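Just so it is clear, none of the values below were taken in a lab; they were calculated from the coordinates. Keep in mind that this is a model prediction, so the values were computed, not measured. With ideal geometry, Cβ positions are generated from the backbone for all residues, glycine too; neighbour counts draw on all protein chains shown.
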Amino acid sequence: MKAKILVLCTGNSCRSQMAEGIIRSIDADFEVYSAGTRPEKNVNPHAVEVMKEIGIDISGHNPKKVDEFTGIDFDYVITVCDNAKEVCPVFTGKVKHRLHKGFEDPFNATGSDEEKKVVYRKVRDRIRETFEEVFGK
């Protein structure tokens, strides 16, 4: 099944980037993109690091504005944070399935770098479990 998937979040630096990498790892035939309503300048380094721990490299990803994708047809548009769900743009293209799978924002983690990475790992693992269930692995 070749599905075209767009994952949305606010900053497109953590959750949506991790979800993009994980969904691609589930099926290499999936065409997966991620974007944000207010994209950050870079992908969060903790997200990059914890994804490398499971063999997925998102270091070459860049945050993108959701406006780049309006007018494109998608099989799935998936929001991964409540804020993106609330301000998700209206897509002029056809969207077969709209899903919301909310995840805690690891960017809000406090403490040492190692304590923050514990939160990033927890969110990464929840994202992986969720999308393996949705897309089958």
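When you work out D = kT/(6 pi eta Rh) for the stretch 4-132 at 4 °C and 1.567 mPa s, using the Kirkwood radius from C-alpha pairs as Rh and the Stokes-Einstein form, the result is 90 µm²/s.
Could you work out the relative contact order of the chain? I mean the mean sequence separation of Cα pairs under 8 Å and 6+ apart, divided by the number of residues, in percent. Averaging sequence separation for qualifying contacts and normalising by length gives 29 percent for the chain.
Cross-linked pairs Lys96/Lys117; Lys96/Lys116; Lys94/Lys116; Lys52/Lys96; Lys4/Lys52: Cα-Cα separations exceed 29 Å for Lys96/Lys117; Lys96/Lys116; Lys94/Lys116; Lys52/Lys96.
Summarising the amide proton neighbourhood of Ile78: residues at separation of 5 or more, or on other chains, whose placed amide H is nearer than 5 Å comprise Leu6, Val7, Leu8, Leu99.
Taking the charge dipole of the stretch 4-132 about its Cα centre, with +1 at Lys and Arg Cβ atoms and -1 at Asp and Glu Cβ atoms, the residue from Ile72, Asn42, Gly21 reaching farthest to the positive side is Ile72. Scanning residues 5 or more positions from Val95 or on other chains, those with amide H under 5 Å from its amide H are Phe74, with H placed 1.01 Å from N in the peptide plane.
Where a Cα-Cα gap under 13 Å defines reach, which aspartates and glutamates qualify for Lys64, not counting those fewer than 8 residues away within the same chain? Those aspartates and glutamates meeting the cut-off are Glu20, Glu40.
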